[in-house]
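Each remark here refers to the structure printed beneath this line.
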Amino acid sequence: MVKYDPKKVEAKWKERWEKNNTDGVDLDGAKNPFYNLMMFPYPSAEGLHVGNVFAFVGSDIQGRYRRLKGFDVFEPMGFDAFGMHSENFALKIGRHPADMVPKNIEHFREDQLKKMGLMLNWEHQVDTTNPNYYRFTQWMFVTLYKNGFAYKAKGQVNWCPSCKTVLAKEQVIDDRCERCSSLVEKRDMEQWYFKTTYFAEELLEALDSLDWSERTKIAQRQWIGKSLGADVTFQVEGGEEFTIFTTRPDTLFGATYMVFSPEHPLLDTITTEENLKALEEYRRQAQAISETERQNEKREKTGVFTGAYAINPVNGRRVPIWAADYVLMGYGTGAIMAVPAHDIRDHEFAKKFSLPIIQVVSSPIGTPDIQLEAYTGEGNLMNSGPFDGLPAKTEGSKQIVESLAKDNKAQFKTNYRLRDWCVSRQRYWGPPIPIIYCDKCGIVPVPEADLPVLLPYLEDFKPDGSGVSPLHRDKEFYHTTCPQCGSKAHRETDVSDNFLCSAWYFYRYPSTDFPDIPFDATRTKKWLPVDLYVGGNEHAVLHLLYSRWLCRALHSIGLIDFAEPYKKFVAHGIIVKDGAKMSKSKGNIINPDDYVKEFGADSFRLYLMFMGTYLEGGDFRDGGVKGMKGFLDRLWAVSSPQFAPLTYELPLGPETQYFLHSTIKAVGQDIERFSYNTALAHIMELVNHLTKNKIRSQEIASVLARLLSPFAPHISEEIWESLGFSTSVFTAKWPEYDEEKLIRPEVEYVVQINGKLRDRIQLAVGLTPEEIDPLVLQSPVVTKWLEGKEIVKKIYVPDKLINFVVK
RNA sequence: GCGAGAGUGGCGGAAUUGGUAGACGCACUGGCCUUAGGAGCCAGCGGCCGCAAGGUCAUAGGGGUUCAAAUCCCCUCUCUCGCACCA
């Protein structure tokens, strides 16, 4: 009688799997390829986070399950090791990232990931800081540049004063830096951009047909932020024309003033002498506010009059032009027509500065006075000359725009909230942007043959906040010659955003053995797009959007033949500890190693999957892992020949048959819908049934080993081997259930009187109502409840329920 | 403010299409075994009444539809997430 010893069993199989390359796959020979991708981690010095393990195990279950279902599963892993996270940590502890990162990776891989029982294919590991990798990250940059998808431009950017670099819009969350939570400032700087907006419409539209978690799609839709409207041209009285964007062209007759964003360049020329001072003061204020106190969302509206007037093209009406910071330079044209009667913000502003409010859309009876509250609902046009009476938002909009379009004063326009991706960073720990500035030729991309542009080892890599990157201080790096004309030149010293490294890593995995090209055409054709991608939803508008965009760019350049990188994306949930978010300051961080050491990886995996809903997250409680160890002990006791001999020929009773086959069915279905907690509950029920009835069967044990193998690979493998199989359980076939065994000869009927449960009766399957009635009426309980009552209706749910409605 | 989702025992969570609410597990209680137990096994475990059989209430709160509602509809409250002066 051998007791289950996770330490011994897990060590044995870890070694065996490595020796036999059980987790490997023949990339070229695979007949039934399945690319199972999980989001690669950044190898922090703190080690693997339990959230990572949770994500990986849930993904690994899919990979292992697909393998038993007959797929050739490719499940690679890598390290997203460039970026501010690693660099900031290195700065904090006074070390160099280039010295730390390899050790961190080693620790992640050897001490942690390899002990979690993940079916990872380590032959195709990726490390974004390896020159053999970032060489191709730079190649991506150059390729995008050559094809018009990258450009350099001056404009307002988000600047993190603590990280001392610019950030992409996606990396600013509630006006704070995604990495360090400092308040982000606005600065005017020249930066590199990728044209993400070029594919705005396609990225949006393709979402509808993607098999992705709905919440991820919603986040992307919202972020792309499409709005339909019109550009309308106004004229400054006695001056030039300007364009505004509006989603409500139907309300043009109600425009009683105009608002320009404080940064709008036209303000310089139109503002009258006597208003100039006030404007300048206001601009200063607006700048200061945007830098610090923007959080105060319920701020009162502010603004200044410019002294200038505009002419409304629909009616020639003269309306004042104001400057106010509730209009943003970064959206639309940076200028709006204000219709206080039908826009809440305009209404607020108009009231404060006593500007006229003219209603142009009729509202149903009962709506409050338009002078007190804006009306934004549906209605018909009024006070709108020839357009009176038209349904405002639909026909009204259409006809007004069309009438103005004749004189080129308006056109239908679609606006997106999405901005181009600002990709340059004034930091050290990233792939240098492969661009050379030549005195004669201007911007010259580094020729492919010269890649990689190696990141030099800088002793002092600290960002100085000047907006110029640390690499600028390395004169040897900085000064170079032009690859085109040989003249004196210098290198770009910004590095690219870490999200560029991760936007293409999954193309690299299958092709890591091709040193000279980023990805091999044949391998890519065979393995991509990714079949299943599991990861956190926090990347919805970051990594997931960037990588979708890059895929479209590569597709349009003609480098790949698909436009979407991931066929299916599943967003997993977030783990909390005792109902609270884990954080270092709270001291409630879970260290996976401790649990693996004490109870084994299988128990830890099992608990992570059992404690909650994979797609929504769970609440980690101490004690839970121990509970899973107890379950594995019970499993061992009923299914391992090492514990006690199994019976081979004893026929299984119908009840057990039913249990067995319904479990097979349920577990398969649950895995496919990522309902791991219920899949495990079903397996536990089966084990409980066996324990209770002292059933130890070879047949059942072989099923159990396979059902549990995606969740707890080590113990499953051990049981499988003890059953006499000479090859890995992962070369076996997923068990199939027999529909016939799912039919039970007798079922328990629920008898209800007026919808209330009164009795349960065992009856044969498939009885007709006529057959059921006399049997049910034999029940003393039922007759008692029916006594003196009249049955007015009978409801029958086959093989399940009878309900008598009585009076 | 807009959008999405959620609210079920002491706790984590179950409940494919409306059809036995609380599966499975944790914790707890009692018993057995034991020199001992942070081991194992057996039993109990939503509230109230009851020795029990059973009854009755119960899925955030309030209404409704239905023979039947955690599930569908309306209203209210609370929480989580995403977006947010986006014209």
Mean accessible area per residue over the range A:625-777 (1.4 angstrom probe, all protein chains present, square angstrom) is 46
Farthest toward positive dipole pole in chain A [+1 Lys/Arg, -1 Asp/Glu at C-beta], among A:VAL805, A:THR783, A:ILE575: A:THR783
Rounded to a whole %, the carbon-and-sulfur portion of the accessible area of the range A:392-475 at a 1.4 Å probe is 50
What is the sum of charges, Lys and Arg at +1 and Asp and Glu at -1, for the other residues whose Cβ falls under 11 Å from the Cβ of A:GLU672? +2
With A:ALA764 itself left out, Lys, Arg at +1 and Asp, Glu at -1 over residues whose Cβ is under 9 Å from its Cβ give -2
Could you pull out the pairs from A:LYS92/A:LYS195; A:LYS526/A:LYS568; A:LYS69/A:LYS597; A:LYS146/A:LYS440; A:LYS69/A:LYS568 whose alpha carbons sit more than 26 Å apart here? A:LYS92/A:LYS195; A:LYS69/A:LYS597
The answer for the range A:71-139, accessible area per residue at 1.4 Å probe in Å², is 34
Sorted list, accessible surface of protein heavy atoms, 1.4 Å probe, largest first, for A:MET84, A:MET609 is A:MET84, A:MET609
Within 14 Å, Cβ to Cβ, of A:GLU237, how many net charges do the neighbouring residues add up to if Lys/Arg are +1 and Asp/Glu are -1? 0
Computed on Cα atoms, Rg of chain A relative to 2.2 N^0.38 Å comes out at 1.20
Listed residues A:VAL792, A:VAL782 arranged by accessible area, highest first, probe 1.4 Å: A:VAL792, A:VAL782
Apply the a/c threshold of 1.5 to the C-alpha gyration tensor of the range A:558-695 and tell me whether it is rounded, prolate or oblate. oblate
Carbon/sulfur accessible area of the range A:91-181, % of total, 1.4 Å probe, equals 43
Just how much of A:SER44 is accessible, in Å², when a 1.4 Å probe is used and the result is rounded to the nearest 10? 20
Derived scalar couplings ³J(HN,Hα) [the range A:465-477; Karplus, 6.51 cos²θ - 1.76 cosθ + 1.60; whole Hz; x for Gly, Pro]: x, 6, x, 10, 6, x, 4, 4, 6, 8, 5, 5, 6
Students often forget the sequence filter, so: which lysines lie under 24 Å Cα-Cα from A:LYS692 once same-chain residues fewer than 8 apart are removed? A:LYS3, A:LYS626, A:LYS629, A:LYS665, A:LYS741
Among bridges DSSP assigns within chain A, what percent are antiparallel (round to 5)? 75
When the accessible area of the range A:483-602 is computed with all protein chains present and a 1.4 Å probe, what percentage of it is carbon and sulfur? 52
Could you put A:ASP407, A:ASP23 in order of accessible surface area, largest first, with the 1.4 Å probe and the full protein assembly present? A:ASP407, A:ASP23
In square angstrom, what is the accessible area per residue of the range A:194-352 with a 1.4 angstrom probe? 45
Per-residue accessible area for A:ILE743 at 1.4 Å probe radius, Å² rounded to 10? 110
Taking a cut-off of 24 Å between Cα atoms, list the lysines near A:LYS393, but don't count ones fewer than 8 places away on the same chain. A:LYS226, A:LYS406, A:LYS409, A:LYS413
Show me the GluC sites (Glu not before Pro) within the range A:708-803 that DSSP assigns to loop and that have at most 13 other Cβ atoms within 10 Å of their Cβ. A:GLU736, A:GLU787, A:GLU790
Can you tell me how the range A:102-196 classifies by the Cα gyration tensor, rounded, prolate or oblate, using a/c under 1.5 as the rounded cut? oblate
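Would you please classify the overall shape of the range A:169-274 from the alpha carbon gyration tensor, given that a ≥ b ≥ c denote the square roots of the eigenvalues, rounded means a/c under 1.5, and beyond that prolate means a/b larger than b/c while oblate covers the rest?
Values: a/c = 2.54, a/b = 1.47, b/c = 1.73.
Cα axes put the range A:169-274 in the oblate bin.
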If ligands, DNA and RNA are left out, what is the accessible area of A:HIS472 with a 1.4 Å probe, given in Å² to the nearest 10? 60
Residues of type lysines that A:LYS807 reaches as a straight line, Cα spacing below 28 Å, ignoring anything fewer than 8 places off in the same chain: A:LYS756, A:LYS784, A:LYS789, A:LYS793, A:LYS794
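The values are calculated or read from the model by the stated rules, or taken from the named source; none is laboratory data. Keep in mind it's a predicted model, so treat the numbers as computed, not measured. A quick note on method: Cβ atoms are made from the backbone with ideal geometry, for glycine too, and the neighbour counts reach across all protein chains shown. The area values use the complete protein model at the heavy-atom level, side chains included, leaving out ligands, DNA and RNA. Shrake-Rupley method; radii C 1.70, N 1.55, O 1.52, S 1.80 Å.
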